[in-house]
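First up is the structure itself, then whatever we jot down about it.
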Amino acid sequence: MSKYLDAFEAYMAKARKQALAEPNPHRRAILLNYNRHAALEFSDNWQHIFTKTMTVDHPKYKVQLGTPNLLDFDGLSAVKGFYSALNQRVVWLQDEELFVNDWGLASYSTFGQFVTGAEAAQANYQVDDPTGTYILHCPLAMFWPYSKDSKLIGEDVYQLAPFTLVKPAPEDIFSFEERSRMLQQYIGDLADFEAA
């Protein structure tokens with residue numbers, strides 16, 4: 001199994017463990033929401049994030065990742081557009097430190113995504129194989145406010161340093177399908193969701 005997929009599974013397992021160990025009911029609900037949100041987002045079931053129990057009716061996101069500008073996604077349609085674009089690539093998070101309070105949560109982690117050598121070269125990175133697969137990764141900070149009834153209000157996502165390019169071993173490359181299979185244990189039955 002890919003060491004990067006292993007690291008992503010460790011990220012998911014650690015967040016779930018932290019949620020289940022949280023004694024405060026509101027904070028526990030926030031952490032469980034966050035864990036399920038991540039599982040839905042990265043398994044390409046992101047449409048199920050927008051339910052009456054998980055997300056407010058008018059979410060607001062601010063994202064600075066892969067661009068020098070802070071992008072605003074204001075409202076359901078704009079936020080759904082963000083997820084649709086994000087899921088065009090195999091991306092993941094790993095090595096997270098997660099903090100929760102009554103207002104919501106804060107996270108510090110490493111973001112990773114697979115790109116082709118040609119894409120990396122086009123972005124001015126030095127590559128030795130334009131047809132190969134590479135990884136862009138960077139440190140990431142996220143701040144997610146939640147409502148009093150533990151619904152996600154929005155996300156503030158910030159890239160903390162420029163991307164670093166690495167070339168993974170062939171066995172460490174994983175697919176959308178492998179990522180989705182790993183995440184099923186954190187989702188449960190999709191029939192439980194009311195897609196908005």
Next item on the list: Would you calculate a helix-derived [θ] at 222 nm for the chain, using -39,500 (n - 2.57) for each DSSP H run of n ≥ 4 and dividing by the full residue count, to the nearest 500?
Entry: -10000 deg cm²/dmol
Item checked: Global geometry of the chain, whether rounded, prolate or oblate, following the gyration tensor of its Cα atoms and the 1.5 cut on a/c -> prolate
Next item on the list: Kyte-Doolittle cut-off 0.0, length cut-off 30 Å along the helix's own axis using Cα: show which whole DSSP H helices in the chain pass.
Entry: none
Notebook entry, point to check: Taking 0.36 nm per residue of separation and subtracting the Cα-Cα distance, what length does fully extending T131 through L76 add?
Noted result: 16.1 nm
Next item on the list: Using label points projected 7 Å from each Cα along Cα→Cβ, tell me how many nm separate F143 and Q47, to one decimal.
Entry: 3.3
Item checked: N124 versus R89: modelled label distance in nm, points set 7 Å from Cα along the beta carbon direction -> 1.7
Margin query: Could you work out the relative contact order of the chain? I mean the mean sequence separation of Cα pairs under 8 Å and 6+ apart, divided by the number of residues, in percent.
Written below: 28
Check: So what is the orientation-averaged projected area of the range 87-174, using the convex hull of its C-alpha atoms, in nm²?
Finding: 6.8
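No lab work stands behind these numbers, since they all come straight from the coordinates. Just so it is clear, the model here is predicted, and its values are computed rather than measured. Quick reminder, even Gly has a Cβ in these numbers, built from the backbone with ideal geometry, and neighbours come from all protein chains shown.
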